[in-house]
Amino acid sequence: MLTFTIRRLLLAIPTLLFISLIIFLLLDMAPGSPMSQIPLTVPLEVRLKMIEALGANDPIFFRYINWLHKFFVIEPLHVFDGLFGTTFAGDSLRELSWQSRSPVADVIAQRIPQTLTVIGMSYLLGILIALPIGIYSAYRQYSWFDQLGTFISMIGFSVPTFFTGVLLIVVFSVKLHWFPSIYDTTLKVTDWASFGKQVKQMTMPVAVLGLYNAAQISRYMRSSMLENLTQDYVRTARAKGLSERVVVLKHVLRNSLIPVVTVIALGIPTIFGGAIITEQVFKVNGLGQLLITAIYANDLPMVQTLTFIFAVLIVLFNLVADILYGILDPRIRYD
Amino acid sequence: MPDGAMPVLDVRGLKTVFRTRGGEVHAVNAVSFHLMPGELLGVVGESGSGKSVTMMSLIGLLPSPPADVREGQVLLGGVDILKVSPEELRRVRGARIGFVFQDPMTSLNPVFTVGNQIIEPLRAHMGLNKAQAEARAVELLELVGIPDARNRLRSYPHQFSGGMRQRVMIAIALACDPEVLIADEPTTALDVTIQAQIIELVKELRHKLGMAIVWITHDLGVIAGIADRVMVMYGGQVVEQAPVKDLFADPRHPYTRALLKTIPKVSGVREARLQVIDGQPPILAGAPTACPFRARCAHAFARCHAENPQRRAIGAGRVGYGHDVACHWDPEATDA
Ligand SMILES: Nc1ncnc2c1ncn2[C@@H]1O[C@H](COP(=O)(O)OP(=O)(O)OP(=O)(O)O)[C@@H](O)[C@H]1O
Ligand SMILES: [Mg+2]
C-alpha cells in the first residue's frame with residue numbers, strides 16, 4: 001500500500017504539470033491585461049513600467065516557469081511564514097492579484113474559512129443524513145419510508161440549487177424574516193448571541209447544499225445496500241443466528257460502504273469548487289465567489305491559481321479514494 | 001418408531017408459498033420428514049423441486065415477503081420452532097441447526113477475516129470471550145482439516161481455494177456443536193476431487209461429532225455412499241422416501257426410477273443436472289390437485305390427472321419410517 005501511494009504521488013506530478021500548462025496557456029489566451037483596472041489617466045510610460053515590473057511582457061514559457069515557481073515554492077513559503085512567524089520566504093516577489101494588488105495566496109486564505117464552514121458543513125450534514133436514510137430505505141425497500149425518500153431525493157438533485165436557494169430566501173427571509181438572506185462575513189463568534197447569529201445565517205445555504213448532497217449520497221448508499229442485501233454471505237450471516245442489527249449494520253453495511261466512501265472522497269473537491277452558485281446566491285464570500293469575481297475582473301493570476309488549486313484537489317482526492325478503496329476492500333492489493 | 005428413539009428434527013406438513021407478481025408459487029407442499037439422532041438423510045430431486053426452500057423454511061431463512069411458511073410444524077427436540085418468536089428462532093440458527101450452502105465462493109463475507117466469521121456464532125450463542133472463541137476457532141479449523149490454523153484465522157476468504165472455503169463454511173456450521181447439520185448441495189460448486197475430499201470430511205466428522213445431517217444433492221451416486229435414508233422430492237413434494245438400500249434396490253416412483261437411470265456408470269463423472277428426463281418440471285402455480293409428475297410419467301392414467309397421490313407405505317411400517325411412495329401406479333401390478 002505504501003509503495004502504491006508513493007508511486008501514485010510521483011505519477012501525480014507529471015499529471016499536475018500537464019494540467020497546469022493547459023490552464024496557464026488557455027487562460028493566457030484570454031483577453032485582459034493587468035492594466036485594465038488602472039485608471040486611464042495614468043501616463044503610458046508609467047503603464048509600460050508597471051507591465052515590465054509585473055513581468056507581463058516576458059516570453060510565455062518564462063512566465064509559466066515563474067508562475068509555477070511562485071505557486072509551488074514562494075507562495076507556500078509566504079503562507080508558512082504568515083502562520084508560524086518565520087522568514088523563510090524573505091522578500092521574494094509574490095504572485096499578486098491584478099484586481100486587489102494583494103498576494104493571491106493571502107486572498108485565498110481569507111476566503112477558505114467561509115467556504116469550509118458553509119460548504120463543508122453542508123457536505124458533512126449531507127453525508128450524515130444520507131447514510132442512515134440510504135441504509136434504511138434499502139433495508140425496507142418499497143416501504144412508505146423508501147418511497148418518500150426516493151421522492152425527496154429526486155427533488156433534491158433534479159431541482160438546481162440556485163432555484164431552491166432563491167425559493168428559501170423568498171419564503172424564509174423576505175416573507176417570514178426568519179433567516180438573513182445575506183451571509184455576513186464580518187460576524188465574529190464571541191458569545192452565544194453571535195453564535196446563534198452565525199448558525200442562523202448558515203442555515204439556509206447549508207440546507208440548500210445539504211439537501212443536494214444528501215439526495216445524491218443517499219441514492220448511492222441505497223443502491224449499494226440493495227446490491228449487497230441479496231448476496232449469499234448475508235444468508236450465511238443469518239444462518240449463523242446473528243441478529244438483524246449485526247447482519248445489516250456489520251456485514252451488509254461494511255461491504256456497501258466501499259463504493260460510497262469512494263464517491264464521498266471524490267466529491268470533496270466540489271466543496272471548494274462546485275458550490276460557486278450557492279455562494280453567489282447567499283452572498284457567501286468564499287472561494288466560489290472569489291473565482292466568479294476574478295473572472296469578471298480579468299484577474300488572470302487569481303483565476304489561474306484557483307483553477308489550478310481545484311485541479312490539485314481533484315487529483316489528490318482521486319488518490320485518496322483509491323487508497324481508501326484499498327483499505328476497505330481486502331481483495332484489492334495494489335502492490 | 002423402530003428403536004424407540006425420538007427424532008431430533010420432525011417436520012410435519014410443511015407448506016411454503018411465494019407471493020409473486022405473477023401469482024402464488026407453491027414451492028413446498030405438505031412436506032413431512034424426520035431425522036433421527038446421528039442419521040444422514042439424503043435429499044434428491046432436480047432443480048426447482050423445492051429442496052432448498054424446504055430447508056430454509058425450517059429455520060426462517062426465507063425473506064418474507066415474498067415467502068410465506070403457511071402450514072406445518074417443525075419440531076426440534078419436541079418444540080415447534082415455527083411457533084417461537086423470531087428471537088428464539090435466531091438462537092436455534094447456527095447453534096442447534098448448522099447450515100452449509102452450495103457456493104463457497106460467495107457464501108463468506110469478503111471483507112472480514114475467516115477467523116472473525118467463525119468467531120461470530122461462538123460469541124453470539126456460546127457467550128465465549130474473545131480468547132476462548134479464538135481458541136475454539138483454531139480447534140474448528142483443525143477439525144475441518146485446514147493446516148496452520150492459527151495463522152489462517154487472519155486470512156480473508158479470497159486467500160482460500162474453493163474447497164478450503166467450503167471447509168471453513170463447515171467449521172462455521174459446526175461451531176456451536178449443532179444437533180442438526182443441513183448441507184445444501186455443499187459440493188456442487190467444487191471440482192470432482194475436492195468434492196470427494198469434502199464428502200470424506202463430512203463422513204469423518206459425523207463419526208467424531210455424531211450430529212444428524214440433511215444432505216441435499218443432485219448426485220445419487222453421492223447419496224449411495226453416505227446416506228442412511230433418502231428422500232426424493234419432485235414439484236415441491238416428497239414423492240418417495242426409503243432407507244438407502246431399499247431405494248436403490250426397489251425404487252417405486254417412476255421419477256425415482258428415471259433418476260436412478262441417470263447415474264453415470266463411470267464413477268467420478270458428474271451427471272448433467274438430470275436433464276436426461278424428458279419434459280419440464282411442473283409450474284407450481286397453485287396447490288396441487290393432480291400428480292405433479294403426470295405430464296412426464298410413462299405410467300400416468302386417469303387417476304393421476306384427477307387426484308394428487310398421498311404417500312403410502314410399502315410393506316410394513318408407518319409412512320416416513322419405512323419405505324413409502326406418493327404414486328397411484330403399482331409397479332408390481334404391471335411389471336409382472
Ligand atoms: N423468491 C422466490 N420467489 C418465487 N419463487 C421462488 C423463490 N425462491 C424459490 N422459488 C421457487 O421455489 C421452487 C423451489 O426452489 P428451490 O430453490 O427449493 O429448488 P431446489 O430443489 O433447491 O433446486 P436446486 O437444485 O436448483 O437448488 C422453484 O420452483 C422456484 O422457482
Ligand atoms: Mg437448491
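Values in this text are rule-based calculations from the coordinates and carry no lab data. Since the model is a prediction, treat every value here as computed from it, not as a measurement. With ideal geometry, Cβ positions are generated from the backbone for all residues, glycine too; neighbour counts draw on all protein chains shown.
Quick notes on this structure:
- Förster radius 35 Å - calculated FRET efficiency between B:Asn129 and B:His207 (Cβ-Cβ, nearest 0.05): 0.70
- The protein assembly as shown - share of DSSP beta bridges that are antiparallel (%, nearest 5): 60 percent
- Estimated distance in nm for a label pair at B:Ala249 and A:Phe145, the labels positioned 7 Å out from Cα along Cα-to-Cβ: 6.0 nm
- Here the 3J(HN,Hα) profile of the stretch B:206-212, calculated from phi with Karplus coefficients 6.51, -1.76 and 1.60 at θ = phi - 60°, is 5, 5, 5, 9, x, 7, 7 Hz, Gly and Pro shown as x.
- With the alpha-carbon atoms of the stretch B:45-122 aligned to their principal axes, the span from lowest to highest coordinate is 39, 31, 23 Å, starting with the largest.
- Ordering A:Leu9, B:Phe248, B:Ala131 by the projection of their Cα atoms onto the charge dipole of the protein assembly as shown, which places +1 on the Cβ of Lys and Arg and -1 on the Cβ of Asp and Glu, puts B:Ala131 at the extreme positive end.
- The per residue volume of the convex hull around the alpha-carbon atoms of the stretch A:102-230 is 147 Å³.
- Magnitude of the charge dipole, chain B, Cβ model with Lys/Arg +1 and Asp/Glu -1, debye to 20: 520 debye
- Gyration tensor analysis over the Cα atoms of chain A returns equivalent ellipsoid semi-axes of 44, 28, 17 Å (largest first, whole Å).
- Mean partner shielding of peptide A:209-221, defined as the number of other chain Cβ atoms within 10 Å of each residue Cβ, is 0.
- For the protein assembly as shown, the equivalent ellipsoid derived from the alpha-carbon gyration tensor has semi-axes of 71, 27, 23 Å in decreasing order.
- Three principal axis lengths of the stretch B:3-153 [C-alpha, angstrom, descending]: 50, 44, 31
- Highest to lowest packing among A:110-116, A:58-64, B:51-57, scored as the average C-beta count within 10 Å: B:51-57, A:110-116, A:58-64
- Across the alpha-carbon set of the stretch A:1-149, the Rg to Rh ratio works out to 1.16, Rh being the Kirkwood radius.
- Reported to the nearest whole Å, the Cα centre-to-centre distance from the stretch B:195-246 to the stretch B:17-57 is 15.
- 10 Å Cβ neighbours from other chains, averaged over peptide A:239-251: 6
- Of the residues B:Arg252, A:Arg101, the one with the fewest other Cβ atoms within 10 Å heads the list, and the complete ranking is A:Arg101, B:Arg252.
- Average Cα contact separation per residue, chain B, under 8 Å, 6 or more apart, as relative contact order %: 21 percent
- 20 °C / 1.002 mPa s Stokes-Einstein diffusion coefficient of the stretch B:15-70, Kirkwood radius on C-alpha pairs, µm²/s: 175 µm²/s
- Neighbouring Cβ atoms from other chains, within 10 Å of the Cβ of residues in A:255-262, number 1 on average.
- Computed over the stretch A:111-328, relative contact order equals 30 percent, with contacts defined as Cα pairs under 8 Å that lie 6+ residues apart.
- Taking amide H atoms as placed 1.01 Å from N in the peptide plane, the amide H of B:Arg312 lies under 5 Å from those of B:Val325, B:Ala326, B:Cys327, each 5 or more residues away in sequence or on another chain.
- Computing Rg and the Kirkwood Rh from the Cα coordinates of chain B gives a ratio, Rg/Rh, of 0.98.
- The A:Phe88 and A:Ala53 beta-carbon pair, evaluated with R₀ = 30 Å, returns a calculated FRET efficiency of approximately 0.80.
- Note on A:Leu176 and A:Phe163: the extension gain reaches 2.9 nm, defined as 0.36 nm multiplied by sequence separation minus the Cα-Cα distance.
- Scanning residues 5 or more positions from B:Ser49 or on other chains, none has an amide H under 5 Å from its amide H, with H placed 1.01 Å from N in the peptide plane.
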